[in-house]
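Everything below concerns the one structure shown next.
Derivation of every value follows stated rules applied to the coordinates shown; laboratory data play no part. Just so it is clear, the structure is predicted and the values come from calculations on it, not from any experiment. Neighbour counts are summed over all protein chains in view; Cβ atoms, including those assigned to glycine, are modelled from backbone coordinates with ideal geometry.
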Amino acid sequence: MNNKTFVITLVLVCSVRVSAQQIESAQPVSRQHRLMPVPAAIQFLDGRLKIDASFTVAVDGHTDARLEAGIYRASRRLEGRTGFEFLRAPASDSQTAKLLIQCSGPGSPVPSVKEDESYSLDVSEKQAVLKAGTAVGVLRGLETFLQLLEGDRQGWFIPSVSIQDKPRFPWRGLLIDVGRHFEPVEVMKRNLDGMAAVKLNVLHWHLTEDQGFRIESKRYPKLQQKGSDGLYYTQDQAREIIAYARDRGIRVLPEFDMPGHATSWLVGHPELGSAPGPYKIERKNGIFDPAFDPTREELYKFLEGFFTEVAQLFPDEYIHIGGDENEGHQWNNNTQIQAFMKAKGIKDNHALQAYFNQRVSKILRKLGKKMIGWDEILHPDLPKDTVIHSWRGPASLAEAARKGYDGILSSGYYIDLMYPAWQHYKVDPVGSDGTLSENELAHILGGEATMWGEWVSPETID
């Protein structure tokens, strides 16, 4: 073959290859990824979006302080991973920006279980386009964008991809127990950052336990003064954490455990207990006898005053009342309580706790709040707007759903037990029960991992 023929042949071969690549670039490709949680629909394409020092972000449509703060945080994290320094100001030209964000509106002013968290993300070799109906949807999409970052010898890049994503469950939580061991504000904040990274949207703040009362009450200051060893959150600190969570699209659900697990309440207010005081903060772990006396009218006046105060502090529509592991020993040994039960036709301690729950539910409903409690509170007389929190398993959750109650699952997600990750991934809130109807399945809102605090400290909780 002479040189002229060779050159012509080489040009033809290269042209065919380029044409093939152009055709191929529009085709789906098989690719491994590290996205967690896995999006509802994902399709990788051939190509990549180069990430270098010229990276900019433009916003088209709605913007607000929360959205801008989320973009700022994402850009700083991207800088930390790549080593580049990006332009801090928003890009003026949406056509040349590497990331274009299109947001339709702000969403709920207070994070809600009904929040629209859906988004789409389309990445080509020219630009990534993130679309969402709300600011929270944008925040979720930004986390996916950061997880997609890869690097090789050619540099940093985002693979070409088309993602349509929305959560399978609207309630995806993490319980942090600060009652048994107090966790400082900075620990709570870094856990909120971790939650946002994997799109968890509920911080369940377990604030009272036999070992400590961890929130300031200005109406009843003896609660924290005598029940906390000085380790509690001021109301200003609580507002700081709630605002920090809101900026990341996370609800803050407070829990005040009652009528059992109530020792720290009774240290400062023994008159609320089912046995004479004095009471002392528990120094060990376990299930203890101290419990509220549900026959005292003074108790409900006290709780109405307390919940009126905390309802103004915590904007979430739900308040968790605990309700677990009340074994009723003090109730059995109190002749006044036994006489009350006989006079009212209350047949056992479970029915007495149902009476207590009804009274508390009325207080919360009056304050515009909905009650949530552990699955022991399930009773035929329980108001239907109560959410059942199951720690005993999918079967009790399914039972609540059949009876018309919304519910969430924590059984199987006890991360304090240090089980391997695969064991948690096997658990599904719906479980293996195939008998639930479509309407009953809609009552299962999701689940919460539980970081119980018996054996954790600020150094080990992560």
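Tabulated data for the structure shown
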item: Computed [θ] at 222 nm, helices only, for the chain once each DSSP H run of length n ≥ 4 contributes -39500 (n - 2.57); result: -10500 deg cm²/dmol
item: Amide H contacts of Ala128 (H built 1.01 Å from N, under 5 Å, at least 5 apart or other chain); result: Leu99, Leu100
item: Cβ-Cβ FRET estimate between Gln237 and Asp462, R0 fixed at 25 Å, reported to 0.05; result: 0.80
item: The chain - percent relative contact order, Cα under 8 Å, separation 6 or more; result: 12
item: Exposure proxy order (Cβ contacts within 10 Å, fewest to most) of Glu85, Glu309; result: Glu85, Glu309
item: Gyration tensor verdict on segment 28-165 (Cα atoms; rounded if a/c is under 1.5, prolate if a/b is larger than b/c, oblate otherwise); result: oblate
item: Over segment 28-165, relative contact order from alpha-carbon pairs under 8 Å, at least 6 apart, %; result: 35
item: Relative contact order (%) - segment 176-304, alpha-carbon pairs under 8 angstrom, separation at least six; result: 26
item: With eigenvalues of the C-alpha gyration tensor scaled by 5 and rooted, segment 111-178, Å; result: 27, 16, 9
item: Antiparallel %, DSSP beta bridges [both residues in segment 28-165], to 5; result: 70
item: Cα→Cβ-extended label distance, 7 Å offset, between Arg76 and Lys218, nm; result: 3.0
item: Of all DSSP beta bridges in the chain, antiparallel share, percent nearest 5; result: 35
item: Nearest 10 degrees, 0 to 90: helix 349-366 Cα axis against the chain principal axis; result: 60
item: Counted charge near Lys131, where neighbours are those whose Cβ lies closer than 14 Å (Asp, Glu -1; Lys, Arg +1); result: -3
item: Alpha-carbon centroid distance for the pair segment 381-455 / segment 258-319, whole angstrom; result: 26
item: Average projected area [Cα convex hull, the chain], square nanometres; result: 27.7
